[in-house]
Amino acid sequence: MRSYSSRKRILVTGGAGFLGSHLCERLIARGDSVLCVDNFFTGTKDNLAPLLTNPHFELVRHDVTFPLYVEVDEIYNLACPASPIHYQYDPVQTTKTSVHGAINMLGLAKRVKAKILQASTSEVYGDPKVHPQTEGYWGHVNPIGFRSCYDEGKRCAETLFFDYRRQHGLRIKVARIFNTYGPRMHPNDGRVVSNFIVQALAGEPITIYGEGSQTRSFCYVDDLIDGFLKLMDTPDDFTGPVNLGNPNEFTIRQLAEQVIKLTGSNSKLEFKPLPSDDPLQRQPDISLAKEKLDWAPSIRLEQGLVKTIDYFRKMLDSAVTGTL
Ligand code: NAD
Ligand code: UDP
């Protein structure tokens, strides 16, 4: 726990979402003072319920596409819908959130001399031609497709971060996050882990897009938040971008089979068309994170899935009994 004098004032944008709520919880637990701003597009107050009565936690409804005037020491910029169905719902707003949001938060960081961390994404590599992906790879991204609002928005945000550093000397950190899962994922956000678990628990068919041979590497949320905190604490001359993710790669079909096994479900596999621009493979090279952050994920997929299944089981049970 920090003492009164060392308590930092930390802004978390998108703090009511999946990753943001876990981050706020960890920052409060270690004794920091947290200001969470969110427009509640995909996040909810429920995700922050245990923090709402904490005197060191403040929640403000705010859209990061508009300027924000507050006094803080550090900023974690997470505001942006992350699941394809959510970011494709209003693609113009998605690009604005990434680009105008970055400009506003960088402007704030410049004014108050705060250190700022950007939640970037493995999507900056697009459908990669280099495998596993290292930070030096520039990517293979369609600039005009359905995923572009997200991919190009995040790429432009990275550009802005580096230009603010070169032009204004800002202290920046850029994390490229690979698929992360865990409790508090939105049950209807269409992401593969939440979809498969909810379908398995309901005994519905598990929807595999394509043949299920595409791969992803899944990181449990607690590991990812450790990486965020370590990255923010690196010396000022380390900016990233740095990959944060679990290098253990699985096919989507393997994930479906694992979820069926762990839930004890009778669900069958149902094959559906592959969405356009869906990356065929994705696996982070985390050598840089190991070297600079002394970080590597420690939670195996099976362990993380058990915790996530437990969360969704309770959520679905309370929805049935009306206690939700
Ligand atoms: P999420 O959708 O649960 O959280 C995003 C939060 O941002 C939500 O609370 C939402 O209401 C808020 N938000 C959206 N637009 C906003 C705006 N204009 N102003 C203020 N708040 C806004 O998603 P998540 O999985 O928690 O992702 C958090 C961040 O991490 C995102 O920036 C995402 O791109 C990045 N990321 C996540 C993953 C992952 O696997 N979870 C992977 C790569 C990158
Ligand atoms: N996917 C799937 N069934 C689903 C949801 C997703 O087969 O019900 C696939 C999707 O086509 C992609 C992978 O799972 O190949 C990961 O999808 P997600 O939306 O979770 O993340 P992203 O594609 O952004 O990595």
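A few remarks follow.
- Reported value for the stretch 177-217: 84 Å³ per residue, from the convex hull of its C-alpha atoms.
- The chain: projected area of the alpha-carbon convex hull, averaged over directions, in nm²: 16.0 nm²
- Rule-of-thumb Rg ratio for the stretch 100-245 [Cα; 2.2 N^0.38 Å; N residues]: 1.17
- Checking every one of the chymotrypsin sites (Phe, Trp or Tyr not before Pro) in the stretch 1-97 against DSSP loop status and a limit of 16 other Cβ atoms within 10 Å picks out Phe40, Tyr69, Tyr89.
- Convex hull volume per residue, computed on the Cα atoms of the stretch 8-130, equals 113 Å³.
- For the stretch 76-166: rounded, prolate or oblate by the Cα gyration tensor [a/c cutoff 1.5]: oblate
- Computed extension length for Tyr311-Glu270: 12.3 nm, one decimal, from 0.36 nm per residue of separation with the Cα-Cα distance subtracted.
- Along principal axes, Cα extents of the stretch 247-311, largest first, whole Å: 44, 32, 17
- More than 12 angstrom apart: percent of Cα pairs within the stretch 72-119: 61 percent
- Screening the chain for whole DSSP H helices with an alpha carbon extent of at least 18 angstrom along the helix axis and a mean Kyte-Doolittle hydropathy of at least -0.5 yields 91-112, 301-321.
- Projected area averaged over orientations for the stretch 13-52, convex hull of C-alpha atoms, nm²: 2.4 nm²
- Across the chain, the relative contact order, built from alpha-carbon pairs under 8 Å that are at least six residues apart, equals 16 percent.
- Whole-Hz couplings from phi, Karplus 6.51/-1.76/1.60, listed for the stretch 275-283; x for Gly and Pro: x, 5, 6, 6, x, 6, 8, 7, 7
- Excluding the site residues themselves, the longest part of the chain lacking any GluC sites (Glu not before Pro) in a DSSP loop with at most 13 other Cβ atoms within 10 Å is 72-210.
- Each principal axis of the Cα cloud of the stretch 210-324 was taken in turn, and the coordinate range along them, longest first, works out to 51, 37, 23 Å.
- The stretch 116-243: relative contact order as a whole-number percent, Cα under 8 Å and 6+ apart: 31 percent
FYI, it's all coordinate maths here, none of it is from the lab. If you're wondering where the values come from, they're calculated on a predicted model, not measured in any experiment. All Cβ positions, glycine included, derive from the backbone under ideal geometry; neighbour counts span all protein chains shown.
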